[in-house]
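Enquirer: Could you have a look at this structure, given as structure tokens, before my questions?
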Amino acid sequence: MNSSGQRQKVKEVEHFLSQLEKRGRILVSIAAELEALADTTDVTRYRPFREQVDNFKALSLILSERLSALDNHPRKDELEKQFHKLQVLMLRLVIKTSLKFFFVMSAKPFLPLGSRELFQSELRTLYEAEKMLSDPRFKSDLDDSAQDDLDMARDILEEIIQHAPALLNFSNRPAANKRKRFR
């Protein structure tokens with residue numbers, strides 16, 4: 001590829017890195033707010049955090065593809081290191097924030113209808129985080145407390161899921177409860 005095409009790709013990567021950094025700052029801000037309001041936190045306050053995590057992950061996928069397309073550009077290693085650093089910081093933030101949120105939720109005597117589905121989704125996110133932690137590139141940048149926090153968050157979450165109410169399912173009504181036609 002010509003140098004002008006490579007320069008364009010580097011500019012794209014730099015743009016996506018700045019957007020990823022911006023999303024990271026938003027997540028840090030939301031996480032700090034959740035921590036400050038820990039005693040009054042409910043499921044709805046956690047939703048913006050989750051949405052931003054999903055945005056971060058989607059942007060990370062795009063950025064990863066753009067980085068791999070840089071071929072042997074002299075700045076590729078530098079840009080990959082910056083991307084990796086953002087991934088590690090976000091992984092740690094997600095684990096810590098999730099752990100605190102799950103701990104608060106586990107102490108609540110009643111959870112809202114449908115919270116089981118939300119927490120099941122969170123369980124998938126924790127398994128994704130565990131997969132990242134097992135990657136040698138991430139493992140070397142995180143201390144053992146990250147794995148300990150992740151294990152504890154998963155244990156608390158599994159307990160919450162057992163007690164959380166599911167959404168009502170109206171489609172599986174028994175035949176006896178169906179409306180009878182009167183003549």
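The values are calculated or read from the model by the stated rules, or taken from the named source; none is laboratory data. Keep in mind that this is a model prediction, so the values were computed, not measured. Every residue, glycine among them, receives a Cβ derived from its backbone with ideal geometry; neighbour counts consider all protein chains shown. With ligands, DNA and RNA removed, areas are computed over all heavy atoms of the protein, side chains included. Shrake-Rupley method; radii C 1.70, N 1.55, O 1.52, S 1.80 Å.
Enquirer: Using the Cα atoms of the chain to build a convex hull, what is its mean projected area in square nanometres?
Expert: That works out to 16.3 nm², a quarter of the Cα hull's surface.
Enquirer: Moving on. Could you sort the peptides 89-97, 31-39 by per-residue average Cβ neighbour count (10 Å cutoff), highest mean leading?
Expert: In decreasing order of mean packing, 89-97, 31-39 become 89-97, 31-39.
Enquirer: Okay, next question. With +1 on each Lys and Arg Cβ and -1 on each Asp and Glu Cβ, and nothing else charged, work out how big the dipole of the stretch 42-118 is about its Cα centre, in Debye to the nearest 20.
Expert: Using Cβ point charges on Lys, Arg, Asp and Glu, the stretch 42-118 gives about 360 debye.
Enquirer: Subtracting the Cα-Cα distance from 0.36 nm times the residue separation, let me have the gained length for Ser145 to Ile62 in nm, one decimal.
Expert: Length difference between fully extended and current span is 26.9 nm.
Enquirer: Calculate how steeply helix 115-134 sits against the longest principal axis of the alpha-carbon atoms of the chain, using the helix alpha-carbon long axis, and give the answer as 0 to 90 degrees to the nearest 10.
Expert: Roughly 30 degrees between the two axes.
Enquirer: Right, something else. If you rank His84, His163, His15 by how much accessible surface each has, with a 1.4 Å probe, what is the order from largest down? Could you put the intermediate results ahead of the total?
Expert: Values: His84 45, His163 135, His15 95 Å².
Sorted descending by solvent-accessible area, the residues read His163, His15, His84.
Enquirer: Counting alpha carbon pairs within less than 8 Å and at least 6 residues apart, what relative contact order, in whole percent, applies to the chain? All intermediate terms of the calculation are to be shown ahead of the outcome.
Expert: Values: 134 pairs, mean separation 45.9, N = 183.
About 25 percent, as a whole number.
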